[in-house]
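The values are calculated or read from the model by the stated rules, or taken from the named source; none is laboratory data. All values derive from a computational prediction rather than experimental measurement. Neighbour counts run over all protein chains shown; Cβ positions are idealised from the backbone, glycine included.
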Amino acid sequence: MIARLAGIVDAIERDRVVIDVNGVGYLVRASARTLATLQGGARAVLLIETNVREDAIDLYGFATAAERDWFRLLTTVQGVGAKVALSLQSALAPGELARAIALGDRTMLTRAEGVGPKLANRIASELKDKVGALGTVATAASPAGARAPAGDDGAAEDAVSALVNLGYRRPEAVGAVEKALARLGPGAKVEALIPEGLKELAR
């Protein structure tokens with residue numbers, strides 16, 4: 001099982017890249033967002049999701065752990081295969097995906113090639129309660145800046161860290177969580193604070 005590749009970018013195509021690792025070229029499929037971070041002839045490090053089938057072994061590469069985690073989550077939805085998941089990630093940044101799902105924004109999700117209104121509804125409904133889990137794997141040390149609002153069991157700090165991991169600046173995340181706490185009450189859990197914070201950021 002391949003989990004990570006570090007090598008030289010040999011070739012970049014529309015939806016894939018060849019990474020040369022000690023003379024062996026690995027064909028890796030990736031989103032336009034990840035491909036945009038690569039440069040031919042330069043060294044690259046990609047996190048890999050390996051998909052083993054009867055007739056093939058496919059590698060999917062990601063520039064960040066957040067993008068890889070989103071790929072894993074998206075492919076749990078019926079009708080969302082690897083190709084559609086990469087299409088969604090090409091069209092929307094992690095923060096935009098989280099916001100679209102939290103708000104049930106079908107129009108934003110259908111910006112991705114291969115995602116129609118019916119599938120967009122399914123993605124939003126099935127993942128609405130799971131979006132927060134992506135951000136709870138936060139780094140132990142929070143970025144410098146504004147302090148998170150007080151809440152039960154560190155839920156507010158976890159929610160802030162989750163929003164930061166999704167691409168928002170810490171001051172914005174803190175403000176959104178403060179407003180979410182004001183609406184939900186000081187006992188609100190992180191699972192409720194994250195989607196509520198995303199709704200606030202979308203205003």
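The C-beta contact set for the range 1-24 (first residue farther than 22 Å from Val52 by Cα, second residue surrounded by 10 or more Cβ atoms within 10 Å (Cβ to Cβ) and among the polar types (S, T, N, Q), distance under 7 angstrom, 6+ apart or interchain) comprises Val9/Gln39. The residues of the range 23-37 that are out of contact with any Leu (no Cβ under 6 Å at 6 or more places or on another chain) and surrounded by 23 or more Cβ atoms within 10 Å (Cβ to Cβ), listed by number, are Ala30, Thr34. Of all the listed residues (Ala63, Ala85), the sole one being surrounded by 14 or more Cβ atoms within 10 Å (Cβ to Cβ), under 19 Å from the mean Cα position of the chain (by Cα) and over 24 Å from Thr110 (Cβ atoms) is Ala63.
Among Leu166, Leu88, Leu103, Leu184, which is the only one that is at pLDDT 85 or above, under 29 Å from Ala36 (Cα atoms) and out of contact with any His (no Cβ under 8 Å at 6 or more places or on another chain)?
On the way: Leu166 fails: at pLDDT 85 or above; Leu103 fails: at pLDDT 85 or above; Leu184 fails: under 29 Å from Ala36 (Cα atoms).
Just a single option satisfies the conditions, and that option is Leu88.
Give the range 25-48 a look and list any residue that's under 22 Å from Trp70 (Cα atoms), free of Cβ contacts under 8 Å to residues at least 24 places away in the same chain and touching a strand residue (DSSP E or B) at 6+ places or on another chain (Cβ under 8 Å), or say none.
Taking the range 25-48 as the starting set, the residues that turn out to be under 22 Å from Trp70 (Cα atoms) are 27-38, 44-48.
With free of Cβ contacts under 8 Å to residues at least 24 places away in the same chain added as a condition, the list becomes 35-36.
Leu35, the sole residue that qualifies.
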